[in-house]
Amino acid sequence: MKAMLLTGHGGPEMLRYGEAPDPQAGPGEVVVDVHAASVNGADPKVRRGGGRYQLGQFPHILGRDFSGVVSALGPGVGDLKVGDAVFGVLDQGHEGTYAEKLAIKAALVAKKPDNLSHAEAAALGLISLTAITAIEDTAKLKKGETILIQGGAGGVAGFAVALAKHIGARVIATASAGNHAYVRGLGADQVIDYNKQDFTAIGPVCDVVFDTVGGDVRAGCYKVLKPGGRLVWIAPAPEGFKVPRADVETLRPDVIRDRAHLQRMLDLVAAGAVRAPEITRYRLADAAKAHLVSEGRHLRGKLVLEVR
C-alpha cells in the first residue's frame, strides 16, 4: 500500500511517500480503496509533535477523513457490499487516511451519494461532524438567536455558518476582507474584518459564540455574550487562561464519529441547507505542500489530497 508516512516529528519534509502493510478487514470492518482524503488543522500538529500530539512510534500515517470505494468486507458486515462508494471519519484516536487503502468500522461510514464527488465527500467528513455536534448538539442553537462564528471562511466554521443560518439564527462571522463575499454566500448576515475591526465592538449581543480560532481571540469572545450565553470552542485558549465570566457557559463539543451524524449532513446537503466547501486539491505525494498552506491558517474552505 502506498501511503504518506510521517517518519519523525518536525517540518513537512518529514512526510515521505512509501509502502505500508496492506490493511485487513476485521470483524465489523471494511477495507476502503481511498480516492480522496482531507487535510485537517490537527494534521500538521500531529506531524510537529509535542503535548497531546506526541507520537511514540514511527512511521505513522496521518489523516482522519476520506472518501473511497469498499474493496473488502470483514465478518459480520451486512449493510455494505464490495463496490459501494462510501465516506467517513476514522474513530477518535485513530489516523491513516493519507493512503491508498484503509480499514474502518462499517458503522463509521456512510454511502456517498452520486451528487457528491469523492473530494467533496472527504472535505465534508470531519468538518460536518464537528459543526453539527458544536451547533446542534452542544450549543443547541435556536431560531431567532444570534451567533458569532470566529474564522468564518474555514472548513468547520463555514459549515457552521450555513447550518446556523438554516436553523434560523442571525449569523455574525469574522473573516479577512478577501473572504467576505465567500462567507456572506454561506449565509452570514454580518461579516467583520478581523484585520481592521475589533469584533468586541458589537457588544454583548450574542446568545452563542463558536470559537474555531482560539488563542488571544478567546478573551474577546466573552465580551460579546449575553448573560446566560454559551461559548463553544474547538481551538484552545492560551495556556493559563481563566474564564472571566460566571454567567455564561463554556462548552467543548465531543465530536463522536458515527453514521447518524454523517447522514444528518447528507440530509442538510440534500435540502440545500449546506454545500461542500471550496476545495483546493493536491496529489497525495504533495501532502507536504498542503501542510504548508494549512499551517498558514488563512485558507478558505478545505484542502483535499486526491489519491486516485
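The values are calculated or read from the model by the stated rules, or taken from the named source; none is laboratory data. Owing to the predicted nature of the structure, the values given are computational and were not obtained by experimental measurement. Reconstructed Cβ throughout: ideal geometry from the backbone, glycine too, with neighbour counts over all protein chains shown. With ligands, DNA and RNA removed, areas are computed over all heavy atoms of the protein, side chains included. Shrake-Rupley method; radii C 1.70, N 1.55, O 1.52, S 1.80 Å.
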From the list Leu262, Leu299, which residue is open to solvent by 40 Å² or more (accessible area, probe 1.4 Å), farther than 14 Å from His118 by Cα and either in a helix (DSSP H, G or I) or modelled with pLDDT under 95 (or both)?
Leu299
Consider the stretch 218-237. How many of its residues are part of a loop (DSSP other than H, G, I, E, B), open to solvent by 40 Å² or more (accessible area, probe 1.4 Å) and at pLDDT 95 or above?
1
Checking the condition open to solvent by 10 Å² or more (accessible area, probe 1.4 Å), in contact with a His (Cβ under 7 Å, 6 or more places away or on another chain) and on the phi < 0 side of the Ramachandran plot, which residue from Pro12, Pro21 passes?
Pro12
Report yes if some residue within the stretch 119-128 is farther than 30 Å from Thr7 by Cβ and of a type in the set (S, T, N, Q); otherwise report no.
yes
Identify, from the list Val34, Val30, the residue that is more than 20 Å from the chain's Cα centre (by Cα), of a type in the set (A, V, I, L, M, F, W, C), on the phi < 0 side of the Ramachandran plot and not in a helix (DSSP H, G or I).
Val30
Pick from the stretch 110-126, criterion closer than 23 Å to Gly26 by Cβ and in contact with a helix residue (DSSP H, G or I) (Cβ under 7 Å, 6 or more places away or on another chain), ranking: least open to solvent (accessible area, probe 1.4 Å)
Ala110
Within the stretch 43-68, track down each residue that is outside any strand (DSSP E or B) and over 13 Å from Tyr98 (Cβ atoms).
Lys45, Arg48, Gly49, Gly50, Gly51, Arg52, Tyr53, Gln54, Leu55, Gly56, Gln57, Phe58
When you look at Ser71, is it among the hydroxyl-bearing types (Ser, Thr, Tyr), surrounded by fewer than 21 Cβ atoms within 10 Å (Cβ to Cβ) and not in a loop (DSSP other than H, G, I, E, B), yes or no?
yes
Which of the residues belonging to the stretch 89-109 are open to solvent by 10 Å² or more (accessible area, probe 1.4 Å) and in a helix (DSSP H, G or I)?
Ala107, Leu108
Leu268 vs (1) under 30 Å from Arg308 (Cα atoms); (2) part of a loop (DSSP other than H, G, I, E, B): all pass except (2)
For His166, which of the numbered conditions (1) of a type outside the set (Val, Ile, Thr); (2) open to solvent by 10 Å² or more (accessible area, probe 1.4 Å); (3) over 22 Å from Val274 (Cα atoms); (4) assigned to a helix (DSSP H, G or I) fails to hold?
(3)
